[in-house]
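Since every read-out is calculated from the coordinates, none of them should be taken as a lab result. Every value quoted in this text rests on a predicted model; they were computed, and no experiment measured them. A quick note on method: Cβ atoms are made from the backbone with ideal geometry, for glycine too, and the neighbour counts reach across all protein chains shown.
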Amino acid sequence: MTFVDPASTSDGQAALERILRAYVARRPGWPTEVEPEVRVVETEMVRRGRPGLYDVVAEVGGRIVHVALGLRIGGDDVYFFPSGDDPVLGVLPVDDDRLVAFDALHDAETAALLLEHVTGEQADPALVRPVRYDDESSAVASGDALVFTVYDSLERGPRPGIEMLVALDDEGFNHLPAPLSIWRRGTWDLGLVQEHLPGASTGWALALTSVRDLYASGGPPDMAGGDFGSEAHRLGTMAARMHLALERAFGRRKMEHSQLADALARAVAIRTPMRAERPEVVALLDELRAVTTTGDAIRTHGDLHLGRVWRTEQGWYVGDFAPGGRPPDPGDGSPPLAVVDEQGEAYRLPLADVADMMWSFGHVAASAAAERDPSGVEGLGELADAWVERNRRAFLAGYLGVPGISTLVPAGRDTVRVLIESLELERGSRERS
């Protein structure tokens, strides 16, 4: 029997559009109109038979959507992963059958078949389990060997985060889950298979445990049972090694620090106008304008914080990357604090990643204080400040202690301080706090 693509018939096209609308409506963080316009961009019957696999790229309500559909005959015994959501999306006419279409990554058998399609190696459905469902991707693990991520929201052309991951791996930077296979069709990066890190804990979880322990015990942070200082030092070392590898892979661009001051002032004024008028902020920006040297900008992580790093028995690993190494766009029209090259790639000062992590230390300390003492009667501010200061110092010592990093960071302790504090101000303004 000759296969007829459902998207090529009027009935199939209408059914596919209903399925895509249902898929978009269920995705967390994907607000859209009730009946968004749907345009099917590309389809592929990945696997015929029952179950089948049908992969779709479409534009739905202005968003490029990717969904891998599993196909079964109605009445089949199906055991979906417990996720709280019904993965069944509708009925799709395929050949002479009307097949139940569902999200393939919610079913162990179809997820294993899709993984086999990408890697060329057989996967055991009994070893497949869900790892993550969020607003950008879905991921399953196969035993303790690998993690398979399928991107639900696509970008036109190669995915910058994958490009950076592969480049770091090629440069010998081993603080990341190694990329094993890329699911690519034409110009679309559809998914990624990486080394699995069993037993990994996020930096956020470890730091939160540390600061909770300090709040419970009191005293200096280095005496608390869950002291995070040595881990912060190792994190700084890892960040510096990452920056040196990124510079080797993508080179560097020049950035005038005075231009950075003007862009930062505009960004803060747009996002948090009350904060921009504070005397300490005005003074800091004046200090930044007085830094007349030229800095070196590189491709950076783009959103380096405690939730983006993982700790295993082997050490720290960096997680996924912000697109193109630039931070998430706050959508307020504020100017980017980056040099954008002719290919549209963003180069930032490496200290921007450092500032992101410095901000993250303060964020976790404040979150733990609010959790323990919502009314503020315990006065945990002094303990929080001590914990943050200890870990900021440890991270920076680890970062600046890596051989070669001085070629990317400006000379002078005061210049480094002003740049980090200024970039941390920008990071905090994105939170509108």
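Between Arg266 and Glu280, the distance separating the two model label sites (each 7 Å from Cα on the Cα→Cβ line) works out to 2.7 nm. Distant-in-sequence amide contacts of Thr9, defined by a placed amide H-H separation under 5 Å and a gap of 5 or more residues or a different chain, comprise nothing.
Across all directions, the average projected area of the convex hull around the alpha carbons of the chain is 23.5 nm².
Neighbour counting of Cβ atoms within 10 Å sorts the residues Val309, Val166, fewest neighbours leading, into Val166, Val309. Summary value for the range 6-195: 15 percent relative contact order, contacts being C-alpha pairs under 8 angstrom separated by 6+ residues. Each Lys and Arg contributes +1 and each Asp and Glu -1, all at the Cβ; summed about the Cα centre of the range 201-429, the dipole is approximately 480 debye. With contacts taken as Cα pairs under 8 Å and at least 6 residues apart, the range 201-429 reaches a relative contact order of 32 percent.
Within the chain, what is the longest stretch that has no GluC sites (Glu not before Pro) placed in a DSSP loop and near at most 13 other beta-carbon atoms within 10 Å?
Counting only loop sites that pass the neighbour cut-off, the longest clear stretch is 122-276.
Remark: the range 118-163 is approximated by an ellipsoid whose semi-axes, taken from the C-alpha gyration tensor as √(5λ), come to 22, 13, 8 Å, largest first. To the nearest 10 degrees, how steep is helix 279-289 against the longest Cα principal axis of the chain, on a 0 to 90 scale? Tilt relative to the chain: about 90 degrees. A simple packing score, the average count of other Cβ atoms within 10 Å per residue, orders the peptides 197-203, 257-263, 362-368 as 362-368, 257-263, 197-203, with the highest score first. Compared with the rule-of-thumb size 2.2 N^0.38 Å for a compact globular protein, the range 6-195 has a Cα radius of gyration ratio of 1.01. Placing R0 at 25 angstrom, the Cβ-Cβ distance between Ala14 and Asp135 gives a FRET efficiency of 0.40 after rounding to 0.05.
Over the Cα atoms of the range 355-431, each weighted equally, I'd like the Debye log10 I(q)/I(0) at q = 0.17, 0.19 Å⁻¹, rounded to two decimals. The calculated log intensity ratios at q = 0.17, 0.19 Å⁻¹ are -0.74, -0.87. What net charge is computed for the residues neighbouring Pro198, neighbours being all others with C-beta under 11 Å from the C-beta of Pro198, Lys and Arg scored +1, Asp and Glu -1? Once all neighbours under 11 Å are counted, the net charge is -3.
Test of understanding: given the chain, find the longest segment containing no chymotrypsin sites (Phe, Trp or Tyr not before Pro) that are in a DSSP loop and have at most 15 other Cβ atoms within 10 Å.
Of all site-free stretches, the longest is 80-433.
Given the DSSP H assignment, sum -39500 (n - 2.57) over each helix run of at least 4 residues in the chain and divide by its residue total; what's the result at 222 nm in deg cm²/dmol, nearest 500? After summing the helix terms and dividing by the residues of the chain, the value is -12500 deg cm²/dmol.
Based on every Cα atom in the range 19-122, Rg and the maximum pairwise Cα distance Dmax equal 13.7, 41 Å. Across the range 298-433, the convex hull enclosing all Cα atoms gives 147 Å³ per residue. Of the residues Pro410, Met223, Ser181, the one whose Cα sits farthest towards the positive end of the charge dipole of the chain is Pro410 (charges of +1 on Lys and Arg Cβ, -1 on Asp and Glu Cβ, taken about the Cα centre).
The calculated P(r) of the range 168-260, using every Cα pair and 10 Å bins from 0, goes 13, 25, 29, 23, 9, 1 in percent. Rounded to two decimals, the Cα-based Rg/Rh of the range 73-167, with Kirkwood Rh, is 1.00. A Förster radius of 45 Å, combined with the Cβ-Cβ distance separating Asp329 from Asp77, puts the computed FRET efficiency at roughly 0.50. For the chain, the longest principal axis of the Cα atoms and the long axis of helix 257-271 meet at an angle of about 60 degrees.
By the count of other C-beta atoms within 10 Å, a proxy for reagent exposure, Met242, Met274 are ordered fewest to most as Met274, Met242.
Rounded to the nearest 10 degrees, the inclination of helix 229-250 to the longest alpha-carbon principal axis of the chain is 70 degrees. In order along the range 377-386, phi translates into HN-Hα couplings of 6, 6, x, 7, x, 5, 5, 4, 4, 5 Hz, rounded to whole numbers, per the Karplus curve 6.51 cos²θ - 1.76 cosθ + 1.60 with θ = phi - 60° and x for Gly and Pro.
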